[in-house]
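Each reported figure results from applying straightforward, stated rules to the coordinates on display, with no laboratory input. Quantities reported herein were computed from a predicted structural model and do not represent experimental measurements. Using ideal geometry, Cβ is built from the backbone for each residue, glycine included, and neighbour counts are taken over all protein chains shown.
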Amino acid sequence: MEKIGYINKGNLSLTNGLNSIDELKDVKIEYGYRDAVEDRNDVVQPICAGVIITKSEQILVINKSKKATSKISPEKDKTLLYIGGHLDISDASTSNLHSFANGMKREIGEELGIEIKESLMENLILTYTPVSEKSARHLGVIFPIIIEQSFDTTFTDGKCKFVEISGLKNITNFETWSEIILKEIVEKKSFWKK
């Protein structure tokens with residue numbers, strides 16, 4: 001059975017929306033069996049994810065299948081600008097940020113079948129949107145990933161495709177973390193549009 005990472009909420013000062021990544025640099029990450037951890041309201045589970053953007057201003061857009069989302073999932077019937085999943089005990093490293101990067105790379109490898117070699121560690125964001133009991137148990141550690149060009153891939157839990165960033169204005173059903181990503185990563189081109 002899978003062991004996932006979790007952090008005691010009492011060790012964090014989280015607010016709704018964007019938070020400082022400094023919250024996670026030195027905090028203790030513990031690991032427990034997924035089924036036991038997911039039922040706890042006193043902890044948050046880091047979700048390690050990546051936002052894949054091309055230098056030609058395309059972004060990978062995800063729509064999870066109904067089978068891949070529960071009835072109470074904040075991702076149900078929503079468009080996502082990230083792909084990732086739970087921090088696993090196999091991702092543990094000498095620093096929390098490297099552990100999260102390992103988790104993001106592993107999850108993208110599992111879900112898209114591609115290898116991520118680098119990410120923008122200095123531009124990652126931390127999201128927390130406790131809009132439901134389930135979302136209050138998850139914390140998004142989101143890495144921008146800049147690649148040369150789009151690629152054809154399949155997504156194990158739904159559909160994905162690259163779209164022009166200018167076309168994102170036509171999408172109206174973003175999930176809450178994706179709304180933050182749009183504002184804090186996509187619209188701040190200065191760090192990735194070089």
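Restricting the GluC sites (Glu not before Pro) of the range 69-149 to loop positions (DSSP other than H, G, I, E, B) with no more than 10 neighbouring Cβ atoms within 10 Å leaves Glu115, Glu133, Glu148. One entry in (i) 117; (ii) 128; (iii) 108 is volume of the Cα convex hull per residue in Å³ calculated from the shown coordinates; its label is (i).
Database remark: amide H of Asp88 closer than 5 angstrom to the amide H of Gly5 (H placed geometrically; neighbours at sequence offset of 5 or more, or on other chains; Pro and chain starts carry no H). Think of the range 94-194 as a dipole: +1 on every Lys or Arg Cβ, -1 on every Asp or Glu Cβ, centred on the Cα centre; then among Phe151, Phe100, Leu168, Leu168 lies furthest on the positive end.
When each of the peptides 136-142, 36-42 is scored by how many other beta carbons lie within 10 Å of its residues on average, the order from highest to lowest is 136-142, 36-42. Beta-bridge orientation, the chain: approximately 70 percent antiparallel, per DSSP, counting only bridges with both partners inside. Estimated from helical segments only, the mean residue ellipticity of the chain at 222 nm is -4000 deg cm²/dmol, where each DSSP H run of four or more residues counts as -39500 (n - 2.57). Put simply, the amide H of Thr79, placed in the peptide plane, has neighbours under 5 Å in Asn173, Phe174, Glu175, leaving out anything fewer than 5 places away on its chain.
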